[in-house]
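S.K.: Sending over a structure as structure tokens; questions will come in a sec.
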Amino acid sequence: MLAIADLTKSFVSPEGERVEIVNVPSFTLAAGEQAALRGESGSGKTTFLHLIAGILAADSGRVTIDGAEMTALGEAGRDRLRAEKLGYVFQTFNLLQGFTVLENVVLGMSFGPRGADRAHAKEVLERVGLGHRLDHFPRQLSTGQQQRVAVARALANRPKLVLADEPTGNLDRKHSRDALALIREVCRENGAALLLVSHDEEVLGQFEGHRDFSVINAALKEAGR
Ligand SMILES: Nc1ncnc2c1ncn2[C@@H]1O[C@H](COP(=O)(O)OP(=O)(O)OP(=O)(O)O)[C@@H](O)[C@H]1O
Ligand SMILES: [Mg+2]
């Protein structure tokens, strides 16, 4: 479902120095596989997920999602592939502030293969416990509720690959458990692969054989970060 080869990305620091953040020689995820990566703050987890999703262009290397090479596509092609195959739970939610909870999920679906399906959007929002907040705007929600909207939006299209960036970072323990269980359950129902990154041991502990990002990301070893 996901294959990564020799993926690199560097940024130029404010001092003008080029710093390599991601250098992943090889990483794969099978269809339906659920994996979690542990990485400290600043270790490049979000950058790695942005590269996979084609939100950020890689310096070199390949990302292939369900047979389609993300890294070979232009911006429009990357947008299309993301809309067709990917669900992304952003660390910072990225909800559209001028739209209601329901509209945020429906709009997210409108670019995908299912099109805007309000009934399904409502159903998914009910599953994350927000059935009574459909007409609220993001700013009228608590941070944890906004995070659950972000989860609903990522899952509504029934994507083949779900990327989740600290998807429970703003939730209390109970909501964190519930949200994670829901993400995993929906992925299983849809036969979707899940790649989650986190530094929360409570979250990571729920994944058998979670892996250390520092083992996968050679940039960390070289920089001693
Ligand atoms: N656009 C950018 N320009 C310059 N440096 C960047 C840029 N984006 C990220 N970085 C640097 O890359 C490193 C990794 O950032 P990233 O956000 O991927 O870390 P992270 O593992 O997701 O951290 P956290 O757990 O705090 O979310 C940081 O040192 C950051 O300063
Ligand atoms: Mg991050």
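Coordinate-derived values only; no laboratory data. In this text, all values refer to a predicted model and were calculated from it rather than measured experimentally. No Cβ is skipped: glycine too gets one built from the backbone with ideal geometry, and neighbour counts run over all protein chains shown.
S.K.: Quick one: if you stick a label point 7 Å off each Cα along the C-beta vector at Leu96 and Ser142, how many nm between them?
M.R.: 2.7
S.K.: Roughly how tilted is helix 118-127, in degrees to the nearest 10 and between 0 and 90, from the longest Cα axis of the chain?
M.R.: Helix 118-127 sits at roughly 80 degrees to that axis.
S.K.: What shape does the stretch 39-110 have by the C-alpha gyration tensor, where a ≥ b ≥ c are the square roots of the eigenvalues, rounded means a/c under 1.5, and otherwise prolate means a/b greater than b/c and oblate the rest?
M.R.: Since a/c reaches 1.5 but b/c is at least a/b, the shape of the stretch 39-110 is classed as oblate.
S.K.: Could you calculate the FRET efficiency of Ser26 with Asp135 from 1/(1 + (r/R0)^6), where r is the beta carbon distance between them and R0 is 41 Å, rounded to 0.05?
M.R.: 0.30
S.K.: A further question on this structure: Scanning the chain for GluC sites (Glu not before Pro) in DSSP loops with at most 12 other Cβ atoms within 10 Å, what's the longest stretch left with none?
M.R.: Result, exposed sites excluded: 18-207.
S.K.: Counting other Cβ atoms within 10 Å of each Cβ, which trypsin sites (Lys or Arg not before Pro) in the stretch 111-167 have at most 14 and sit in a DSSP loop? Intermediate values should be presented prior to the final figure.
M.R.: Values: sites: Arg114, Arg118, Lys122, Arg127, Arg133, Arg139, Arg148, Arg153, Lys160; in loops: Arg114, Arg133, Lys160.
Those that pass, being in a loop and sparsely packed, are Arg114.
S.K.: Classify the stretch 118-225: rounded, prolate or oblate, from the alpha-carbon gyration tensor (a ≥ b ≥ c, eigenvalue square roots; a/c under 1.5 rounded; otherwise prolate if a/b is larger than b/c)?
M.R.: Here the stretch 118-225 falls in the prolate category.
S.K.: How would the stretch 76-156 be classified by its alpha-carbon gyration tensor: rounded, prolate or oblate, with rounded meaning a/c under 1.5 and the a/b versus b/c comparison settling the rest?
M.R.: Values: a/c = 1.90, a/b = 1.47, b/c = 1.29.
Prolate is the answer for the stretch 76-156, as a/c is 1.5 or above and a/b outweighs b/c.
S.K.: Related question: Calculate how steeply helix 75-85 sits against the longest principal axis of the alpha-carbon atoms of the chain, using the helix alpha-carbon long axis, and give the answer as 0 to 90 degrees to the nearest 10.
M.R.: 60
S.K.: Go through the stretch 135-152 residue by residue and turn each phi into a ³J(HN,Hα) via Karplus (6.51, -1.76, 1.60, θ = phi - 60°); whole Hz please, and just put x for glycine and proline.
M.R.: These are the phi-based 3J(HN,Hα) values: 9, 7, 8, x, 5, 8, 10, 6, 4, x, 5, 4, 5, 5, 5, 4, 5, 4 Hz.
S.K.: Next question, about the same structure. Å³ per residue of the Cα convex hull, for the chain? Before the final figure, lay out each step's value.
M.R.: Working: hull volume 28.4 nm³, N = 225.
Dividing the Cα hull volume of the chain by its residue count gives 126 Å³.
S.K.: Counting each DSSP H run of 4 or more residues in the chain as -39500 (n - 2.57), what helix-only mean residue ellipticity at 222 nm follows after dividing by all residues, to the nearest 500 deg cm²/dmol?
M.R.: One gets -11000 deg cm²/dmol as the mean residue ellipticity at 222 nm.
S.K.: If you don't mind, there's one more thing I want to ask. How many lysine pairs are close in the stretch 2-223, with Cα atoms under 19 Å apart and the two 8 or more places apart or on different chains?
M.R.: Pairs that pass both the separation and distance tests number 4.
S.K.: Follow-up. Distance from the Cα centre of the stretch 49-122 to that of the stretch 127-179, in angstrom?
M.R.: Result: 16 Å between the Cα centres.
S.K.: While we're looking at this one, here's another question. Given H placed on each backbone N at 1.01 Å, which residues far from Gln34 in sequence or on other chains put an amide H within less than 5 Å of it?
M.R.: For Gln34, whose amide H was placed from the backbone, the distant partners under 5 Å are Leu194.
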